[in-house]
Structure formats: C-alpha cells, structure tokens
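Please read the structure below before turning to the comments.
Quick note: the coordinates plus some simple rules give every number you see, no bench work behind them. Not measured: the values here are computed from a predicted model. For neighbour counting, all protein chains shown are included, and Cβ atoms are generated from backbone atoms with ideal geometry for every residue, glycine included.
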C-alpha cells in the first residue's frame, strides 16, 4: 500500500511539474510579443518576492537597481554554476528562482533539454542582437580570460605564441584555475582539441620551432598542447587570487590565464601586469593562435518561476545600457547589444571573437570524453 501511495504521489508531482512547465512556457511565449509597457503591467500584477540566482557578484547590484526602479520585493543570490544547476533540479514552489544568470553552455544545453529553464528574448532589444546570441539561449554578455603576465624584471615571458608556455623554463610560472573546479576552463581546453584549433596549434608550433609538430602519442596538436601546458601549470584557487599573485613585485616571470575584469580590483597591482593581446595589438603582432578564451553568460527563466513576467522584465532591463552598467563600467564584459559600446582603451567584441577560443556547446557535449584526458593531466 505504501509503495502504491508513493507511486501515486510521484505521478501527481510529475503531472504538477509538467503543468507548471507548460504554464511558464505559455507565459514566455506571450512575453516575447509584449511591448515594454505591457511587460511592466504583467510583472507588477504578480505577487511575492522576486528571486534571482547568478554566478557573478554584480548580479546583486543589477537586481537591486531593478527592484528599486519598480518597487518589487527582491531576493538575490550569488552562487557557483553547479549550485545553480542543482537548485534548478531540486527546488520547487516559492523557494525556486524566477530567473537565473549562468554560464557553461554545455551544461545549460542539458538543462534546456530537461525542461529546467526557458529562453526569453525581449521584443524591445531583439533587433540589436545577432541571431546567434538569441538562440538557443539569450547571451547577456561575453567574458574573456586572457594571458596576462608580470612585466617586471629581466624574465618577462614573451607571449607571442602559446607554445612558449610549454617550454621547460615556464614550469611553475603559469597559473590557471583548475578546470576540474570551473567548467568554463574545462570547456576551453576541450575546445583546443577541435580540428579548427588543433590545426591552428599545429601551425603555431611550426612557427615557434621551425619544424612540423611530432604528435607522438597524441591524437592532434590540441591534445599535445593541453598535456604540455598543464604540466607547467600551478593551479590557483580563484581568478582573483591568481591576478593578485601574478601582479606582485616578487612574481617576475609569472603569467596567469584569468578573467580580464579582475584588473578592476584594488587588490591587484595593475601597473605590474601586461595583457598579452593588448601588447600584441599595440606592437602589430598576434598571439598565436589565441590570446585566451571567451565564453557567454546567459539569462534564462526558471520553469518553476512564480514571477515569470518579472523575470522577463528583469532580463529586458539587463539587456539595456542601464541594466548592463554594473558590468559595463569596467573592462572584461561585452554586451551583445550593438548599441552598448566597450570601454575606452578596450578592444571590441568582434576583435576578441577573432583572437580567442570561443565556446561551442555542441562540440563539448559530443566530445565529453576529452575531459578524462584533461583530468589525467591535472594530476601531474
């Protein structure tokens, strides 16, 4: 009898979830046709606390500004990616977030397929966004992690070619956050094995050594570079701590691969740092074949949202100049909204896209076994 009741309860819960998903999906479909004023009216008719999750500290600032603008009760949380995905799977009812800001396109693709989140593209900004930035998930911003080196002393690392980072003298001087603890770092390395980047790495090797690459046991040049790069890497705890460490006067000869926006931190001695791509641009050369990597940050509506229209209005707000201000006031975050320009002295998003490894969720999902290879070399 107890087993029967458990099955009935599970069935009822599944049916309730299916109905909730259908209801929110219908709301989102309607929301994409609404004007700003109509969306405001729908959002203000909703009741309860508006709940937001994001994996960036600046989500709280944006959410507070938005809530004050419309006099909406708010609860925002800055969480790690995996925490957000776990909450999306486990939370129900009023405890659930209404919208999320999240990265890792591969895991997000799975979340969309599972029916955990729904994409929403505001009609007010649709015309200023590339189609690729609208589907299957709306890109709020692009973030870049770059090779940034300490420019003090006589042992400044010459970053013209990423193979230089595999040289014996660089062992222990390259600092990177462990890809096992941050999926976007793992995704970057997986992307290096894609034919496009593996071929470029093979060409870069020849430019560096003056001879064709000998792959030996490796499937392609991407695998070889990953193995030899990770062999030289010291793993840092966070991008902030990496930026702080590399910027110290005692860190001559060190180079980090970390988020460019960390240069805004008062704890980072920016005068002691040089961004390899900035240096390359000013000097008229390229960092071969890439100067780091770039990945999207997405905004999505939770299928368990109790204030879906408020979530849609917030997403619309985030895509505007005003809503992007918490990120746009400093370097390292790039809006896909063509009306929002980059900061003075920074490079445009088009330049970054052509000089950095871009995340491809489909390739990452189809080649998940590459992660095992990477993790093996993280143990060395």
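A protection proxy built from the mean count of other Cβ atoms within 10 Å ranks the segments 172-179, 350-357, 192-199, most packed first, as 172-179, 192-199, 350-357. Against the main long axis of the alpha-carbon atoms of the chain, helix 195-209 sits at an angle near 20°. The ratio of the alpha-carbon radius of gyration of region 199-318 to the globular-protein estimate 2.2 N^0.38 Å is 1.48.
How tilted is helix 308-318 with respect to the longest principal axis of the chain? Cα atoms for both, answer in degrees (0 to 90, nearest 10). With rounding to tens, the tilt is 40 degrees.
Here the contact order of region 19-176, divided by its residue count and restricted to Cα pairs under 8 Å and six or more residues apart, works out to 21 percent.
Ellipticity at 222 nm from helices only: DSSP H runs of n ≥ 4 in the chain, each -39500 (n - 2.57), divided by the residue count, give -13000 deg cm²/dmol. Note on region 33-103 and region 347-362: Cα centroid distance 28 Å, given to the nearest whole angstrom.
As a size descriptor, the averaged projected area of the C-alpha convex hull of region 110-180 was calculated at 8.7 nm². Compared with the dominant principal axis of the Cα atoms in the chain, helix 221-232 is inclined by about 80°.
Tell me, what are the semi-axes, in whole angstrom and largest first, of the equivalent ellipsoid of the chain as set by the roots of 5 times the Cα gyration tensor eigenvalues? Could the numbers behind the result be given before it?
Values: eigenvalues 320, 120, 67 Å².
Ellipsoid half-lengths, sorted descending, are 40, 24, 18 Å.
Which translational diffusion coefficient, to the nearest whole µm²/s, is obtained for region 55-161 from the Stokes-Einstein equation, given a Kirkwood hydrodynamic radius over C-alpha pairs, 10 °C and 1.306 mPa s?
Translational D for this selection: 93 µm²/s.
Each Cα pair under 8 Å and six or more residues apart adds its sequence gap; the mean of these over the residue count of the chain is a relative contact order of 29 percent.
Take every DSSP beta bridge whose two residues both sit in the chain; close to 55 percent of them are antiparallel.
Ranking of 307, 58 by neighbouring Cβ atoms within 10 Å, starting from the fewest: 58, 307. Between the alpha-carbon centers of region 149-200 and region 208-269, tell me the distance in whole angstrom. Between the Cα centres of region 149-200 and region 208-269 lies a distance of 4 Å. For region 261-309, the Stokes-Einstein estimate of translational diffusion at 25 °C and a viscosity of 0.890 mPa s comes to 166 µm²/s, using the Kirkwood hydrodynamic radius over alpha-carbon pairs. Plainly put, region 329-380 has a radius of gyration that is 1.17 times its Kirkwood radius, both from alpha-carbon atoms, as the Rg/Rh ratio.
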